[in-house]
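Encoded as structure tokens, the structure appears first; notes follow it.
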Amino acid sequence: MVSEDRTRLRVSDAERHQVAEMLRDAAAEGRITLDELDERLEAALGAKTYADLEPVTADLPGAPGAAAGPGPVVADDRSAGPVRPEDVMIVRSDGDGVVRKGRWQVPRRIEVRNRYGGTRLDFREADIPHERVEVHLEVSWGGAEVILPERATAEVAADTSWLGSLKVDADAIPRPPAPHFVITGTCHGGTLQVGHRRSFSWSALFGM
């Protein structure tokens, strides 16, 4: 469930649209009827606070409070307080790829400035000692991909208006203790992708 302290907070447009996508997927899977979809979409798109959004998806898999398997646990959380210089990773590149994958220590904030090169941040095997991770991207003519660990959520507010595109496949509402990512910045002349990368299987490939 969304914590009592958060229920009065205002939700963003990105969070409303993420819930709307979850509802459409649920209807496509037969979990809710088309009439229920219409009712819930109206409620989701008109929601003002987290308390308004939570009941809309409370009975759906993947929603806050729904039954789920164990996800990444954030131990020794050090997210409280202001971000210190030593908590920031800054990466600058021109024309080269920027890749972080495998086991690596994730700071509280990551800033990537990359022109003419691809950027991929893979958090699936990373050590994340924070409940909240900030990722600020300034990429152009190369695109970027942010791969989230299982059960992690992401709020995305990035500008892709200049010859760019945005693809998000992740819930925007936090699910403690799973890490929550706040992704900001710009992506011009490329695609910014944020989400979970599913494991390969032949059955998924052939729709079985």
*Can you pull out the residues in the range 155-175 that are farther than 23 Å from D25 by Cα and in a loop (DSSP other than H, G, I, E, B)?*
T160, S161, W162, L163, G164
*So which residues in the range 132-154 are outside any strand (DSSP E or B) and either surrounded by 17 or more Cβ atoms within 10 Å (Cβ to Cβ) or among the basic types (K, R) (or both)?*
G142, G143, L148, P149, R151, A152
*In the range 26-43, how many are surrounded by 15 or more Cβ atoms within 10 Å (Cβ to Cβ) and either closer than 14 Å to D59 by Cα or of a type outside the set (A, V, I, L, M) (or both)?*
5
_Positions within the range 25-50 being of a type in the set (D, E, K, R) and without any contact (Cβ under 8 Å) to a residue 24 or more places away in the chain, in sequence order_ = D25, E29, D35, E36, D38, E39, R40, E42
*Considering every residue within the range 98-105, establish whether at least one is of a type in the set (F, W, Y) and free of Cβ contacts under 8 Å to residues at least 24 places away in the same chain.*
yes
*Applying the selection to the range 107-131, what residues are within 16 Å of P177 (Cα to Cα) and outside any strand (DSSP E or B)?*
R108, F123, R124, A126, I128, P129, H130, E131
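Just so you know, all these numbers are worked out from the coordinates, no wet-lab data involved. Bear in mind that the values here come from a model prediction, so they are computed numbers and not experimental data. Note that we place each Cβ from the backbone using ideal geometry, even for glycine, and neighbour counts take in every protein chain shown.
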